[in-house]
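**Student:** Sharing a structure with you now.
What follows is calculated from the coordinates using simple rules that are stated; it is not laboratory data. Because the structure is predicted, anything quoted here is derived from the model rather than measured. Quick reminder, even Gly has a Cβ in these numbers, built from the backbone with ideal geometry, and neighbours come from all protein chains shown.
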Amino acid sequence: MKAPQPRSPRLHTPKRSVSIVGTGSYLPERVLTNAELARLVDTSDEWIVSRTGIHERRIAADNEFTSDMGAKAALAAMEQAGVKAEEIDLIIVATVSPDMAFPSTACFVQKRLGAKRAACFDISAACSGFLYAIEIAQQFIMSGTFNTVLVIGSEKLSTLVDWTDRNTCVLFGDGAGAALLRNRANSHGVITTSMGSDGDFSDILLMPGGGCRVPITKENIDQRLNTIKMSGKEVYKHAVNAMLTAAQTALSQAGLKAEDLACIIPHQANMRIIEAIAERMRVPVERFFINLDRYGNTSAAAVAIALDEANRSERMKIGDYVLLIVFGGGLTWASSVIQW
C-alpha cells in the first residue's frame, strides 16, 4: 500500500525541506543500578521499577563534561552522515546542565570538533530542548541562512541531582545525542513541529538555586537549592496531557494519523507516562521506541539518544513517518513529525 502523503501547509511552499541526515549518541561507561541506589537512599529495585520502569542509568566521570559527551555524540552523527567539521554552519546545544553559565556549551563543542566556520549557541527548554532546537535548525535551513546544522542534546544531570532525595535521584542519568540536519532532495524530512509552554507551572519541576534569583551562598548551601526539585504527581498529570495534545496537533498539521506512523519516540522519563499516552493514542506500546530502562531520564538528551538508537537498529526506513514527543520543566512540550 502506498504511504499516505502528508498535507502540511509547510509543504506547499517553495522553501527547502529539511532532513535528519545523520544521528549519533554517547553514554558514559559507568552504570548505576537500582541496587546501588538502594544503598544510598531508602529505596529498592522493585520500588523504582514499578513506579518508573527504570533499571539503571549512566553516570559521567568527574572529568567528563556536557560538552565532552555532546562532542562524542556529534562525531558519531558526522561519521554516519559523511559530514566534515568544516561543513557545519551552526551548532545548537540543548541542555540544562551546561559546562558553565557562559560561554555556551556549543562553543566548547565547536572547539572539540574543530568546526571553526560554525555559529554556536545553547538553548534551555529542559527535556523539550532537543525538539525545540530541531525546529530552530529547520527554520535556518529553510530560509537559506545555513545549509548544515548540528543539533545536540547533552546532559550531566548527576551534578544537579540531590542524592539524598529518593523521589528524584532514581530518575536521572547522563548522556548525549546528536542529529545533523540538511536539505535532502525528494524528501519531506521534518514535516511539522508543535511546541508549547506554560510558565504558570514553573514551580513543579525546577532547580530553584544557582541563578540570579537565588544565588548559592554559604548561608543556604545546606538547603541543596541547586538540585532538581519536582512535584511528581503534578508533573505526571501535565506531562500526559501536554504530550498527547502536542502529538495530536503535530499529526493533524501533517495530515497524518497514528496508524500511519512506523515508530513513536517519546521522552524517556517514566514508563507509566508512555503507557498512558499509548493507551490514549490507541497505539500498541510496541510501536514506541523505549530505552529508559537502561538510561533513565537524560532530559534534553533523552529523545536524541533514543532517535539514534532507533535509527541504528533500523526501527524506521527511508520514507517512514516517525513521531517524536517531549515534555519538560517550564513547563515545555513539543512533538515533531518526520519523514525518514
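**Student:** Please give me, ordered by residue number, the chymotrypsin sites (Phe, Trp or Tyr not before Pro) of the stretch 144-189 that lie in loop per DSSP and have at most 11 other Cβ atoms within 10 Å.
**Tutor:** none
**Student:** Still on this model: Within the stretch 212-242, report the trypsin sites (Lys or Arg not before Pro) that DSSP leaves as loop and that have at most 16 other Cβ atoms within 10 Å.
**Tutor:** Sites meeting the loop and neighbour criteria: Arg213, Lys218.
**Student:** Turning to a different aspect of this structure: Quick one: what are the phi-derived ³J(HN,Hα) couplings along the stretch 145-154, Karplus 6.51/-1.76/1.60 with θ = phi - 60°, whole Hz, x for glycine and proline?
**Tutor:** 5, 10, 9, 10, 10, 9, 10, 10, x, 9
**Student:** May I pose another question? Run lengths n ≥ 4 of DSSP H only: what is the helix-derived mean residue ellipticity at 222 nm for the chain, with -39500 (n - 2.57) per run over all residues, to the nearest 500?
**Tutor:** -9000 deg cm²/dmol
**Student:** Scan the chain and hand back the longest stretch that contains none of the GluC sites (Glu not before Pro) lying in DSSP loops with at most 12 other Cβ atoms within 10 Å. Kindly include the intermediate steps, with their values, before the conclusion.
**Tutor:** Values: sites that count: Glu29, Glu219, Glu314.
Excluding the exposed sites themselves, the longest stretch runs over 30-218.
**Student:** What is the projected area of the convex hull of the Cα atoms of the chain, averaged over all directions, in nm²? Display every interim value, and only then the final one.
**Tutor:** Values: hull surface 67.3 nm².
Over every viewing direction, the Cα hull of the chain projects on average to 16.8 nm².
**Student:** What is the stretch 190-339's relative contact order, in percent, from Cα pairs under 8 angstrom and six or more apart in sequence?
**Tutor:** 38 percent
**Student:** Moving on. Of the candidates Met230, Met207, Met100, which one comes out as most mobile in a Gaussian network treatment of the chain with C-alpha springs shorter than 10 Å?
**Tutor:** Top of the fluctuation ranking is Met100.
**Student:** Okay, next question. If the reach is capped at under 19 angstrom between alpha carbons, list the aspartates and glutamates near Lys116, excluding any in the same chain fewer than eight residues apart.
**Tutor:** Lys116 reaches Asp68, Glu79, Glu86, Glu87, Asp89.
**Student:** Okay, moving on. Given N residues in the stretch 216-287, what is its alpha carbon radius of gyration divided by 2.2 N^0.38 Å?
**Tutor:** So the stretch 216-287 has a normalised radius of gyration of 1.56.
**Student:** Tell me, in nm to one decimal, what length is gained between Glu36 and Glu86 on full extension, where the rule is 0.36 nm per residue of separation less the Cα-Cα distance?
**Tutor:** Once the chain is fully extended between Glu36 and Glu86, it gains 13.7 nm.
**Student:** While we're on this one: Relative contact order, percent, of the stretch 9-182 when contacts are C-alpha pairs under 8 Å separated by at least 6 residues? Numbers along the way, then the final one.
**Tutor:** Numbers: 367 pairs, mean separation 58.0, N = 174.
Normalised by residue count, the contact order of the stretch 9-182 is 33 percent.
**Student:** Can I ask one more? Over what distance in Å are the Cα centres of the stretch 107-126 and the stretch 192-256 separated?
**Tutor:** 24 Å
**Student:** In addition: Using DSSP, restrict attention to beta bridges with both residues in the stretch 9-182 and report what percent are antiparallel, rounded to the nearest 5.
**Tutor:** On the way: 19 of 29 bridges.
Rounded to the nearest five, the antiparallel share is 65 percent.
**Student:** Got a sec to turn the phi values of the stretch 24-31 into Karplus ³J(HN,Hα) couplings, 6.51 cos²θ - 1.76 cosθ + 1.60 with θ = phi - 60°, whole Hz, x for Gly and Pro?
**Tutor:** Those phi angles translate into x, 8, 8, 10, x, 6, 6, 9 Hz.
**Student:** Oh, and also: Pull up the cross-link candidates among the lysines for Lys257, meaning alpha carbon to alpha carbon under 23 Å and not fewer than 8 places away within one chain.
**Tutor:** Answer for Lys257, where 23 Å is the Cα cut-off: Lys2, Lys317, listed by chain and number.
**Student:** Rank these for me by crowding, Val326, Val190, going from fewest to most other beta carbons within 10 Å.
**Tutor:** Val190, Val326
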